[in-house]
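Student: Here it is, the structure in full.
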Amino acid sequence: MTEKRKSTEIQEIANSCIERWGEDSKTKNFSLKLGRFVSQLGSNVTLGKVLLDLIKHYNYYSREHIDQILIAFYQFVVSELKLDESYTIYSRIEDDSKIDSSNSFLEEFKILNDISNHFSYDIEKLDLIDFDQIKNVIFLDDIIGSGKTVERFFNMNKEKLLKVNCYIFCIELLIDGKEYLENYFKENGFECEIFYHNIHLKAFSDKHIFGEHYKINEELLREFERGLWKRDSNNILGFENSQAIVSFFRNTPNNTLSSFWFKNNKWEGLFPRNDKKPAFKKVKKNAAKYNVSKMEKLAGG
């Protein structure tokens, strides 16, 4: 493929993406950004085509688009579910102590739909007796990939959540994660429904983006991402092999194929994750490495 033809193809793909996504600070001059992204591969034309085919199916959510979805979610709660407001609370699915995207979505949801702060709580901080007066818990999340994070959260709060009806609203949902969670809820006796804006297959699914060549292209990208990480990693082809192709205006979830968000001095993803950490988190990490090293030396005599 000549450079001129390649440039034209990239321009056409970029224009198509902006038509679907709209334009904001992260997608401005998108043709230029996409060109730079693919050019990092040099002469690896085959892998470049794989990435371009993936971007044709990529979902990017601007703040404006997310706001529209969050308003539609609330309208569904009011008009379709018709839950008793006095016995309904809103929460997030926490998997650690930091204020993450679930918090952001929940806060935005409350502001857009004029919901009082008195109706949102961290489940872990409520007492079991509180659930005698709670009938419904609505969870807000951006993306569900494998479903393992949701499973861990429900296991941690099992006694409380078995007493209520649960509803999970997420923007992006992996089909595999949906099936996994529906089986988990049924086997463990939870009353829980999942609602979503978009449900997607793994990028390298049969009869999806790459037709009969899906396995060949999957292995091609897997080897490339293994080279990026320089080791085996849970993030190769997206966290726990989620194979998502999605970014949000705040960040790119690690469920997304990591070549789209990985960043070091040799590679920069198209939508790099912002993984900067404060000093106290760096100290903890370094201290943990030191302690492990010290224990290994002691064990070795």
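The values are calculated or read from the model by the stated rules, or taken from the named source; none is laboratory data. All figures in this text were calculated on a predicted structure; none of them were measured in a lab. Cβ atoms come from the backbone with ideal geometry, glycine included; neighbour counts cover every protein chain shown.
Student: Return the residues of segment 49-94 that are among the β-branched types (Val, Ile, Thr) and either under 21 Å from the mean Cα position of the chain (by Cα) or over 15 Å from PHE109 (Cβ atoms) (or both); say none if nothing qualifies.
Tutor: Scanning segment 49-94 gives VAL50, ILE55, ILE66, ILE69, ILE71, ILE93.
Student: What number goes with the only condition from (1) modelled with pLDDT of 95 or more; (2) hydroxyl-bearing (Ser, Thr, Tyr); (3) in a helix (DSSP H, G or I) that TYR196 does not pass?
Tutor: Failed condition: (3).
Student: Can you tell me which residue is farthest from the chain's Cα centre (by Cα) among those in segment 147-188 that are closer than 24 Å to PRO253 by Cα and among the aliphatic types (A, V, I, L, M)?
Tutor: So, considering only residues that are closer than 24 Å to PRO253 by Cα and among the aliphatic types (A, V, I, L, M), the one farthest from the chain's Cα centre (by Cα) is MET156.
Student: Looking only at segment 114-136, count how many residues are under 18 Å from ALA72 (Cα atoms) and either basic (Lys, Arg) or touching a Leu at 6+ places or on another chain (Cβ under 7 Å) (or both).
Tutor: Qualifying residue count for the region: 0.
Student: Condition test on ILE245, is it modelled with pLDDT of 95 or more, more than 19 Å from ILE168 (Cβ to Cβ) and surrounded by fewer than 19 Cβ atoms within 10 Å (Cβ to Cβ)?
Tutor: Criteria not met by ILE245.
Student: While we're on this one: So ASP206 fits all but one of (1) at pLDDT 95 or above; (2) touching a helix residue (DSSP H, G or I) at 6+ places or on another chain (Cβ under 8 Å); what number is the exception?
Tutor: Among (1) at pLDDT 95 or above; (2) touching a helix residue (DSSP H, G or I) at 6+ places or on another chain (Cβ under 8 Å), the lone unmet condition for ASP206 is (1).
Student: Right, next: Given the residues TYR180, TYR121, which is the only one that is without any contact (Cβ under 8 Å) to a residue 60 or more places away in the chain, within 21 Å of LEU237 (Cβ to Cβ) and aromatic (Phe, Trp, Tyr)?
Tutor: Testing whether each residue is without any contact (Cβ under 8 Å) to a residue 60 or more places away in the chain, within 21 Å of LEU237 (Cβ to Cβ) and aromatic (Phe, Trp, Tyr) leaves just TYR180.
Student: Continuing with this model, one more query. Residue check, SER43 against (1) surrounded by 12 or more Cβ atoms within 10 Å (Cβ to Cβ); (2) more than 21 Å from the chain's Cα centre (by Cα); (3) of a type in the set (Ser, Thr, Tyr), all met but one. Which one?
Tutor: (1) is the only condition that SER43 fails.
Student: Please specify each residue of segment 51-96 satisfying the condition of being in a loop (DSSP other than H, G, I, E, B), within 30 Å of ALA203 (Cβ to Cβ) and modelled with pLDDT of 95 or more.
Tutor: LYS56, HIS57, TYR58, SER62
Student: Looking only at residues that are surrounded by 17 or more Cβ atoms within 10 Å (Cβ to Cβ) and among the hydrophobic types (A, V, I, L, M, F, W, C) in segment 224-242, which one is nearest to the chain's Cα centre (by Cα)?
Tutor: Top of the filtered list is PHE239.
Student: Would you say PHE195 is in contact (Cβ under 8 Å) with a residue 60 or more places away in the chain and farther than 24 Å from LYS33 by Cβ?
Tutor: The answer is yes for PHE195.
Student: Select from segment 223-234 the residues that are closer than 23 Å to LYS148 by Cα and touching a helix residue (DSSP H, G or I) at 6+ places or on another chain (Cβ under 9 Å) and list them in ascending order.
Tutor: Those that are closer than 23 Å to LYS148 by Cα and touching a helix residue (DSSP H, G or I) at 6+ places or on another chain (Cβ under 9 Å): GLU225, TRP229, ASP232, SER233, ASN234.
Student: Check MET1 against each of (1) more than 16 Å from PRO272 (Cβ to Cβ); (2) at pLDDT 95 or above; (3) of a type outside the set (S, T, N, Q) and name the one condition it does not meet.
Tutor: The number of the failed condition is (2).
Student: Closer than 18 Å to VAL50 by Cα and in contact with a strand residue (DSSP E or B) (Cβ under 9 Å, 6 or more places away or on another chain), is that true of GLY211?
Tutor: When the stated conditions are applied, GLY211 does not pass them.
Student: Can you tell which of ILE168, ILE89, ILE143 is buried (at least 18 other Cβ atoms within 10 Å of the Cβ), touching a residue at least 12 places away in the same chain (Cβ under 8 Å), among the aliphatic types (A, V, I, L, M) and in contact with a Pro (Cβ under 9 Å, 6 or more places away or on another chain)?
Tutor: When all the criteria are applied, what remains is ILE143.
Student: What's the number of the only condition in (1) charged (D, E, K, R); (2) in contact (Cβ under 8 Å) with a residue 12 or more places away in the chain; (3) on the phi > 0 side of the Ramachandran plot that GLU64 fails to meet?
Tutor: All conditions pass for GLU64, except number (3).
Student: Further, regarding this structure: Give me the pairs: first residue in segment 21-38 and among the hydrophobic types (A, V, I, L, M, F, W, C), second residue in a loop (DSSP other than H, G, I, E, B), beta-carbon distance under 7 Å, and six or more apart or on different chains, which are they?
Tutor: Close Cβ pairs (under 7 Å, with a partner that is in a loop (DSSP other than H, G, I, E, B)) amount to TRP21/THR27; TRP21/SER62; LEU34/LEU270; PHE37/LEU270.
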